[in-house]
Amino acid sequence: MTVDDPTPVGGHVVVRHHRVGVALHRLADGDAGVQPLLLLHGLGECTPPVPPSHLRWPGPVFGLDFTGHGRSTIPAGGGYTSEILVGDVDAVLQHLDRPVTVLGRGLGAYIALLVAAARPDVVRGAVMVDGPGIVGGGVHPGSPALLRPPDSDGPPDPYALLELSRDVRPPDYAKSFADFAAQGSDLDTPLWVATVVRPAWIEAILGEPGVGMGPVEEGLATYR
Amino acid sequence: MTVPPGGDRPPTTFAAARAFPGAHRPERRRTVCAAGVGLTVWELGDEDAPPLALAHGGFDFAGTFDVFAPLLAAGGWRVVSWDQRGHGDSDRAHLYSWEADLLDAAEVISTLPPGRVPLVGHSKGGRLVTHLCNALPHRVSALVNLDGLPSHRAMSDVADHERSRQLREEMGAWLEHRRSLGERERKPGTIDDLARRRGRMNSRLSEDWLRYLVTVGAEESADGWRWKIDPTMRMGGFGPWRPQWSLLQLPGIGVPVLGILGLDTELMGWGTRPEEVRPYLPAGARFEALDGVGHFVHIEQPHHVAELVLEFLA
């Protein structure tokens, strides 16, 4: 489903990310002259059936389900990292084949930062908002307990819930990605922090060049 | 007899390659299901002997222990090794991660009789078993780390801007790799071809040994031999991991520790120096630095390393 595909609003297509099928949902049509808004959900969530009512975006709105969530593939045996979810988004960006603005909740906010750094020429602004998984696993590994999640078919995959909630996010690591986004984008503020909760990885990027801060509406207005 | 690959000589046959002196295939094979991923477990030695778990390195497989493991078994151990996910005869997985490898290892260990077992690991396998000493202390009686101790220096000597540049390049290369995967397959070739290719990463190992490895770690189809390892795996990748996180797992280990380091640096090794490891060793740990030996200490000097391990575990 590219932006011009006839997939109806409320429908989805499956984009291949190697062995995983990533569900890409079309949530709203809009002015085709405006770049699409791509929603990245929080940990354990999935793409909502309609765009949140408080979001005003004049262009098309899409959302993807991360691996192990929603209508995307649930892999056997876990192995989740934030970096692999960046691959999910990258596969969708390649599929859409045009610049997008990204709005990430919780875990999706962290992924939005990484994707904005990885593809600064395609991501026309990444807005980060509160949601499940915003904190991650802290700034360094915790006690090395080996935990298996309870048996459950999902979605969401219980391995995703467990492993991605332990995902380590060192501040200097996050800051590097903010630097990449600022250096690679032609936007003045390619990153926008709209979170109330500010774990160390967000504190590390606040005040960096190219990082704006304020309400989500203001952030989205910056990129429309 | 070592015969140069290529040239006018006929291709090495399976039988000739398999006849490596001192190499023995494991006596028993079974499968452990780790949350839906089938792990192939290999065993050697008396079934009633005390078990010893043996973890291979990244891009290796349990068959790389085919000379070393029989020496441990002859010393009275039931040697249990396994192919990590995506390696050797184990299943290819959707996802790969350090956490997944740890849980897989724990699943294999859970199939051993109750009680503590010695853990031996090479390279990445050394890191794995070191981590398990902290995560499963009730299951571990001793640790042997074979050239699997990362170097703190590897990162601390790198300037911030250089580290940042490396991260950006790694991220870009990793994403391009992900985009290019498709239905990728390993390149086919003769036994000699595959041995020669592996020799680029294992330059210190003999051609005869590399050809032997092909007969175990590769499979033959109509168009030739291919390594079994998941073709989607690649060296490197990007992530937040720091080598010091592994080093910091050493001081708190409460069981006897033997660390063995090869002092000759090579592509697949960590380049770790003894003085970087010693401050992190737990009290009473034994440490052996082998001069004139590379990363694959158990392959270059199987008898000497096996003697060290057996004496340590006695």
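The values are calculated or read from the model by the stated rules, or taken from the named source; none is laboratory data. The model shown is predicted, which means the values in this text are computed figures rather than measured ones. Every residue, glycine as well, gets a Cβ built from its backbone with ideal geometry; the counts of neighbours run over all protein chains shown.
Quick rundown of the values:
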{"item": "Selection count, the stretch B:180-205, where residues are assigned to a loop (DSSP other than H, G, I, E, B) and in contact with a Phe, Trp or Tyr (Cβ under 8 Å, 6 or more places away or on another chain)", "result": "7"}
{"item": "Residues of the stretch B:162-178 satisfying the condition of being within 7 Å of chain A (Cβ to nearest Cβ) and more than 15 Å from A:Leu114 (Cα to Cα)", "result": "B:Arg178"}
{"item": "Single residue of the stretch B:23-41 satisfying the filter (closer than 16 Å to B:Phe65 by Cβ and surrounded by 13 or more Cβ atoms within 10 Å (Cβ to Cβ)) that is nearest to the other protein chains (Cβ to nearest Cβ)", "result": "B:Leu39"}
{"item": "Some residue of the stretch A:118-132 being at the interface with chain B (Cβ under 9 Å from one of its Cβ atoms), closer than 18 Å to A:Val15 by Cβ and of a type in the set (D, E, K, R)", "result": "yes"}
{"item": "Matching residues in the stretch B:221-231 - criterion: being under 18 Å from the mean Cα position of the chain (by Cα) and part of a loop (DSSP other than H, G, I, E, B)", "result": "B:Lys228, B:Ile229, B:Asp230, B:Pro231"}
{"item": "Count of residues meeting criterion [away from chain A (no Cβ under 11 Å), closer than 15 Å to B:Pro150 by Cβ, outside any strand (DSSP E or B) and modelled with pLDDT of 90 or more] in the stretch B:233-263", "result": "2"}
{"item": "Every residue from the stretch B:295-311 that is touching a Lys or Arg at 6+ places or on another chain (Cβ under 8 Å) and surrounded by fewer than 18 Cβ atoms within 10 Å (Cβ to Cβ)", "result": "none"}
{"item": "Test result for B:Arg242, crowded, with 16+ Cβ neighbours inside 10 Å, touching a Lys or Arg at 6+ places or on another chain (Cβ under 9 Å) and not polar (S, T, N, Q)", "result": "no"}
{"item": "Close pairs (8 angstrom Cβ cut-off, 6 or more residues apart or separate chains): more than 8 Å from chain B (Cβ to nearest Cβ) in the stretch A:133-156, surrounded by fewer than 13 Cβ atoms within 10 Å (Cβ to Cβ) and part of a loop (DSSP other than H, G, I, E, B) anywhere", "result": "A:Ile134/A:Val197; A:Val135/A:Val197"}
{"item": "Criterion (out of contact with any helix residue (DSSP H, G or I) (no Cβ under 8 Å at 6 or more places or on another chain), at pLDDT 90 or above, within 27 Å of B:Ala73 (Cα to Cα) and more than 14 Å from chain A (Cβ to nearest Cβ)) met by exactly one of B:Ala314, B:Ala222, B:Ala283, B:Ala289", "result": "B:Ala314"}
{"item": "Residue list for the stretch B:88-123, filter: within 14 Å of chain A (Cβ to nearest Cβ) and not aliphatic (A, V, I, L, M)", "result": "B:Ser90, B:Asp91, B:Arg92, B:His94, B:Tyr96, B:Ser97, B:Trp98, B:Glu99, B:Asp101, B:Asp104, B:Glu107, B:Ser110"}
{"item": "Subset of the stretch A:166-200 [within 9 Å of chain B (Cβ to nearest Cβ), surrounded by fewer than 17 Cβ atoms within 10 Å (Cβ to Cβ) and not in a helix (DSSP H, G or I)]", "result": "A:Arg166"}
{"item": "Subset of the stretch A:18-55 [of a type in the set (Lys, Arg) and under 22 Å from A:Pro8 (Cβ atoms)]", "result": "A:Arg26"}
{"item": "Test: A:Ala109 is under 22 Å from A:Leu27 (Cβ atoms), away from every other protein chain (no Cβ under 12 Å) and part of a helix (DSSP H, G or I)", "result": "yes"}
{"item": "Count - residues of the stretch B:34-63 that are farther than 19 Å from B:Pro118 by Cα and either in contact (Cβ under 8 Å) with a residue 40 or more places away in the chain or under 17 Å from the mean Cα position of the chain (by Cα) (or both)", "result": "11"}
{"item": "Total residues in the stretch A:116-132, condition in contact with a strand residue (DSSP E or B) (Cβ under 8 Å, 6 or more places away or on another chain) and within 17 Å of A:Asp188 (Cα to Cα)", "result": "8"}
{"item": "Filtered residue count, the stretch A:70-88, keeping only those that are farther than 21 Å from B:His177 by Cβ, touching a strand residue (DSSP E or B) at 6+ places or on another chain (Cβ under 6 Å) and more than 7 Å from chain B (Cβ to nearest Cβ)", "result": "2"}
{"item": "Sole exception among (1) assigned to a strand (DSSP E or B); (2) in contact with a Lys or Arg (Cβ under 7 Å, 6 or more places away or on another chain) for A:Val102, by number", "result": "(2)"}
{"item": "Qualifying residue in the stretch B:212-220 (condition: within 20 Å of the chain's Cα centre (by Cα), surrounded by fewer than 18 Cβ atoms within 10 Å (Cβ to Cβ) and among the aromatic types (Phe, Trp, Tyr))", "result": "no"}
{"item": "Residues of the stretch B:60-85 classified as surrounded by fewer than 23 Cβ atoms within 10 Å (Cβ to Cβ) and within 14 Å of chain A (Cβ to nearest Cβ), total", "result": "0"}
{"item": "Options A:Pro8, A:Pro75, A:Pro52, A:Pro48: the member that is at pLDDT 95 or above and surrounded by fewer than 17 Cβ atoms within 10 Å (Cβ to Cβ)", "result": "A:Pro48"}
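Every residue, every condition in (1) more than 28 Å from B:Gly259 (Cα to Cα); (2) modelled with pLDDT of 95 or more; (3) outside any strand (DSSP E or B), yes or no:
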position	(1), (2), (3)
B:Pro5	yes, no, yes
B:Val32	yes, yes, no
B:Leu54	no, yes, no
B:Leu71	no, yes, yes
B:Gly76	no, yes, yes
B:Gln84	no, yes, yes
B:Asp91	yes, yes, yes
B:Asp101	no, yes, yes
B:Glu107	no, yes, yes
